Amino acid sequence: MKKVLALVLSVLMVLSLAACGGEKAEETKAPETKQEEKEEEETKASGTEAAETKASESQAEETKAPEGGAATGGGEVIKGEGLKIGVLIRTFSDTYTTTVRTFMTQYLDEAGCEYEVMDANDSQATQNEQLESFLSKGVDGIIVQTVNVSASADILAKCKDAGVPVLFFNHQPDDLSIIAAEDSTIFIGTDSPEAGYMQADLFMQFWDEEKYDRNKDGVVQCVVFQGSPESQEAFDRSQFCIEGAEDEGYKFEKLEDNYLCNWDSTLAQEAMTAFLGTHEDEIEVVFCNNDSMAEGVVAALNAVGYNTGVEGDPEVLVFGVDATDAGVALIDAGKMQGTVKQDGDAMAKTNVQIMIRLCNGMTKAEAAADYGMEIFEGDQASIRIPYAAYTK
């Protein structure tokens, strides 16, 4: 039986980066809401980039919206007929981002907005060209998940010069002070240390010295799979998953330095396979910054007879982030212990509703208040969407 433990936003951390777990997209199911019949259309940006567009007769996503219903929180849903919104996405090959993108197009449809969604394919140069294209077309607003967070200042400057409000989501700008100083821009993300602390809580929930302390030394031998080197979200998840438990008296030994796998399942599987070659009898816990890397870790463990879901077979504790369909399936099958859910539905709906309000002339403070949300007190630049823990 599934348990969802909703936790409130951490107010202890500031200037944190929400980095979405970059994962390969998977097909997901549509929520039970009425949607117009859509025809799929693909356009090319700068000759190579895939884009999704929506005019008054809406076109559909290839990927269906996942189950989950309406976004949590928020206030009145308002329409945005006639508004033209440009959406810039780091990469379509990303499970969590695909969830957000899918819900976002649904909510843009329901609001009556015209929109175009472009895939940067992990290239900041491509995203810069796409931004210029949107601005030249006279869009009313830009929603962007940056490829490189260091590009945020330049993106903001170009949108400001064009008189166009901009929302940054999921990838926190490297300097939130530039967001705090402007009335027509907000970062919408998560409170990044919270995911690490929640993984620590999951670890403490499952840890049993008799079962998992293989060498009976009272120290937790662990491996941490980190998403990327530039992501503050990845850094915070990697740090606080351990520190959160150490604060409660647990002792840890990292068998390897935090291993960078770019949020990717295949890279994580290859790395875990190598680690099992040198540490098979030592590894007791694996923390992964996202569920995609956790999938790769579980696959490597399965290959040597661990984490099969069969009672009595050897087991290593594995924790992820995102609560993707694949991650939840592994937990339900007893092959992984827990994950931390990012609410892609709420992320998408908040972006759409705040953007409509900004386009209608509200300041960010007015837009947030009108939608029943608050600007994060720690930075005066962001809205934070809460995480929740998920176990079997």
Ratio of the Cα radius of gyration of region 171-221 to 2.2 N^0.38 Å, where N counts its residues: 1.98
What percentage of the solvent-accessible surface of region 94-155, computed with a 1.4 Å probe over protein heavy atoms, is contributed by carbon and sulfur atoms? 43 percent
Which value in Å does the Kirkwood hydrodynamic radius of region 235-379 take, with 1/r averaged over all unlike C-alpha pairs and then inverted? 17.5 Å
Could the peptides 291-297, 123-129 be put in order, highest first, of the mean number of other beta-carbon atoms found within 10 Å of their residues? 291-297, 123-129
Whole-Å distance, taken between Cα centres, linking region 377-392 and region 211-246: 20 Å
Given backbone amide H placed at 1.01 Å from N, residues whose amide H is under 5 Å from that of L260, ignoring those fewer than 5 places away on the same chain, are Q226
What one gets for region 111-198 as the Kirkwood radius, inverse of mean 1/r over different Cα pairs in Å, is 13.8 Å
Whole-number D in µm²/s for region 206-297 (Stokes-Einstein; Kirkwood sum over Cα pairs; 25 °C, 0.890 mPa s): 182 µm²/s
Carbon and sulfur atoms: what percent of the 1.4 Å accessible area of region 186-276 do they account for? 44 percent
Could you order T308, T97 so the one with the most accessible surface comes first? Probe is 1.4 Å. T308, T97
Read phi for every residue in region 117-125 and hand back ³J(HN,Hα) as whole Hz from Karplus 6.51 cos²θ - 1.76 cosθ + 1.60, θ = phi - 60°, with x for Gly and Pro. 10, 10, 9, 7, 6, 6, 10, 5, 4
Quick one: which residues, 5 or more positions from G80 or on another chain, have an amide H under 5 Å from its amide H? H modelled 1.01 Å from N in the peptide plane, none for Pro or chain starts. G112, C113
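The values are calculated or read from the model by the stated rules, or taken from the named source; none is laboratory data. Computed from a predicted structure; not experimentally measured. Cβ coordinates were reconstructed from backbone atoms using ideal geometry, including for glycine residues, and neighbour counts include every protein chain displayed. Side chains are part of the model used for accessible areas, which takes the heavy atoms of the whole protein and leaves out ligands, DNA and RNA. Shrake-Rupley method; radii C 1.70, N 1.55, O 1.52, S 1.80 Å.
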